[in-house]
1. Within the stretch 111-122, identify whether any single residue is crowded, with 21+ Cβ neighbours inside 10 Å, more than 26 Å from the chain's Cα centre (by Cα) and over 30 Å from residue 199 (Cβ atoms), and answer yes or no.
2. When the residues of the stretch 49-67 are filtered to those that are touching a helix residue (DSSP H, G or I) at 6+ places or on another chain (Cβ under 6 Å) and under 19 Å from residue 122 (Cα atoms), which remaining residue is modelled with the lowest pLDDT?
3. Pairs, please: C-beta under 9 Å, at least 6 apart or cross-chain, first residue under 9 Å from residue 277 (Cα atoms) and in the stretch 198-211, second of a type in the set (Gly, Ala, Ser) and surrounded by 18 or more Cβ atoms within 10 Å (Cβ to Cβ)?
4. So, restricting to strands (runs of 3 or more DSSP E) that lie completely within the stretch 105-195, which ones have at least 3 residues that are under 22 Å from residue 89 (Cα atoms)?
5. For residue 98, indicate whether it is under 16 Å from the mean Cα position of the chain (by Cα) and within 29 Å of residue 131 (Cα to Cα).
6. Which strands (runs of 3 or more DSSP E) sit wholly inside the stretch 210-282 and have at least 3 residues that are at pLDDT 95 or above and closer than 30 Å to residue 25 by Cβ?
7. Could you grab me the full set of residues in the stretch 1-19 that are more than 19 Å from residue 200 (Cβ to Cβ) and either at pLDDT 95 or above or part of a loop (DSSP other than H, G, I, E, B) (or both)?
Amino acid sequence: MLQIALPNKGTLSDAAIALVAEAGYRCSRAGRELCLPDAENDVEFFFLRPRDIAVYVSQGVIDVGITGRDLNLDAAAPAAEIMPLGFGRSKFRYAVPRDSELTPERFGGLRIACSYPNIVRRDLESRGVQATIIQVDGAVEVSIRLGVADAVADVVDSGQTLREAGLKTVGDVVMASEAVVIARSAETAAHPQVDKFLKRIHGIVVAREYAMIEYDIRRDLLDKAVLLTPGIEAPTISPLNDPAWVAVKSMAKKKGMNGLVDALADLGAKGIVVTDIRTCRL
């Protein structure tokens, strides 16, 4: 039975469970279950702390897991990242007091507070900087005010929390994080059961980026319309009762969809319909 770990709490939990459930797996908890079997798919789900998932997967205790890229890379022995999932996005950055002129290259000999010590350690080593890393769990931004650190390294979304603490970000983004599927190795990902799981998940992820657009267009304008909606391989074109018109059906990126509809309407398309896609295989 395939064993899959999902976050039991935090910002990734609900989105990860919803994604896997949409892929056809029984993983929605009625309460606080730690383990949930899905006999139909021969899968057993374990609901673990997001930070622990990388540990269990990298040691081969669990076959596959969903967690944050930052949490995986901060593990002592990170698991193999197999697939990004497109949600839970954040950036890992350094921050210093608003009136400070410090930059990461000038952190030598200073104290850096963070919740991800291994990520910070590796980054500072790549910069040739030696600093003292102070590990804290949560509320990293208050470390400077409390006098235990000279700078902090933390996951940043909008940056509002840092600004409210009187801090500013400095240096380049250390790492861009998002939810990812991890496995012990690429060989593990090639196992038939794991491969099936990955294909299902990928189908949902892709479907969230695309929509199906359908419209009628005069045959003499078809070439111009196809340039706007080329589809994946090619659009589906069907004859209509009026030989001067054809129906076109094509997948298109959701981003910019309203502009695409405007362009088709300006070209002369009629009956333009856009529908969501539940899943797809490219």
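1. Yes: one or more hits.
2. 51
3. Listed pairs, sorted by first residue: 204/23; 210/252; 211/252.
4. Details: elements: 111-114, 132-135, 151-156, 167-177, 179-183.
Counting at least 3 such residues, we get 151-156, 167-177, 179-183.
5. Details: under 16 Å from the mean Cα position of the chain (by Cα): no; within 29 Å of residue 131 (Cα to Cα): yes.
For residue 98, the condition - under 16 Å from the mean Cα position of the chain (by Cα) and within 29 Å of residue 131 (Cα to Cα) - is not met.
6. Passing ranges, in order: 210-218, 245-253, 270-276.
7. Matches in the stretch 1-19: 8, 9, 10, 11.
Listed here are the residues, each with its yes/no results for (1) among the charged types (D, E, K, R); (2) closer than 14 Å to residue 83 by Cβ; (3) surrounded by fewer than 19 Cβ atoms within 10 Å (Cβ to Cβ).
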residue	(1), (2), (3)
182	no, yes, no
193	no, no, yes
223	yes, no, yes
227	no, no, yes
247	no, no, yes
251	no, no, no
265	no, no, yes
274	no, no, yes
278	yes, no, yes
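The values are calculated or read from the model by the stated rules, or taken from the named source; none is laboratory data. Remember, predicted model here, so these are calculated numbers, not experimental data. So basically every Cβ, Gly included, is an ideal-geometry build from the backbone, and we count neighbours across all protein chains shown.
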